[in-house]
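The structure under discussion appears below in the form of structure tokens.
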Amino acid sequence: MATVFLPYALRKYADGAERVDVPAKTLGELVDNLEAAYPGTGDHLVEDGRLKPGLAAIVGHMATRRGLLQKLEPDTEVHFITAISGG
């Protein structure tokens with residue numbers, strides 16, 4: 001089961017929880033299960049079947065480049081953060 005650290009904007013959907021445990025084998029499945037458990041969260045994370053522009057997913061200790069196809073190991077930590085860009 002993955003531990004998802006919720007950004008501040010999503011905590012209102014999870015009764016203020018900073019992190020929640022979600023069963024999933026891929027990041028896409030995690031988002032679907034997160035939405036099922038906490039309606040409204042998926043709209044903040046996914047757009048047109050992909051992570052929203054400007055949003056990054058950190059799986060374990062690495063930013064994923066596979067998007068929603070990223071496989072998750074048991075007990076993985078997942079963080080959704082605003083992507084940093086610029087020069």
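The values are calculated or read from the model by the stated rules, or taken from the named source; none is laboratory data. Bear in mind that the values here come from a model prediction, so they are computed numbers and not experimental data. We place every Cβ from the backbone using ideal geometry, glycine too, and count neighbours over all the protein chains shown.
Listed here are the helices (runs of 4 or more DSSP H) enclosed by the chain that have at least 3 residues being touching a Pro at 6+ places or on another chain (Cβ under 7 Å) and of a type in the set (S, T, N, Q), and there are none. Taking the conditions (1) surrounded by 15 or more Cβ atoms within 10 Å (Cβ to Cβ); (2) of a type in the set (Gly, Ala, Ser); (3) over 13 Å from GLU73 (Cα atoms) in turn, ALA24 satisfies each one other than (3). Take LEU72 and tell me if it is surrounded by 13 or more Cβ atoms within 10 Å (Cβ to Cβ), within 11 Å of the chain's Cα centre (by Cα), modelled with pLDDT of 95 or more and not charged (D, E, K, R). Considered against the rule, which asks whether it is surrounded by 13 or more Cβ atoms within 10 Å (Cβ to Cβ), within 11 Å of the chain's Cα centre (by Cα), modelled with pLDDT of 95 or more and not charged (D, E, K, R), LEU72 comes out as no.
Picking from residues in the stretch 50-66 that are among the hydrophobic types (A, V, I, L, M, F, W, C) and more than 11 Å from the chain's Cα centre (by Cα), the one that is surrounded by the most Cβ atoms within 10 Å (Cβ to Cβ) is ALA63.
Looking at GLY67, GLY54, just one residue is out of contact with any Gly (no Cβ under 6 Å at 6 or more places or on another chain) and closer than 23 Å to ALA36 by Cβ, and that residue is GLY67. Listed by first and then second residue, the pairs linking a residue in the stretch 38-55 that is without any contact (Cβ under 8 Å) to a residue 12 or more places away in the chain to a residue that is β-branched (Val, Ile, Thr), with Cβ atoms under 7 Å apart and 6 or more places separating them unless they lie on different chains, are GLY42/VAL31; LYS52/VAL46.
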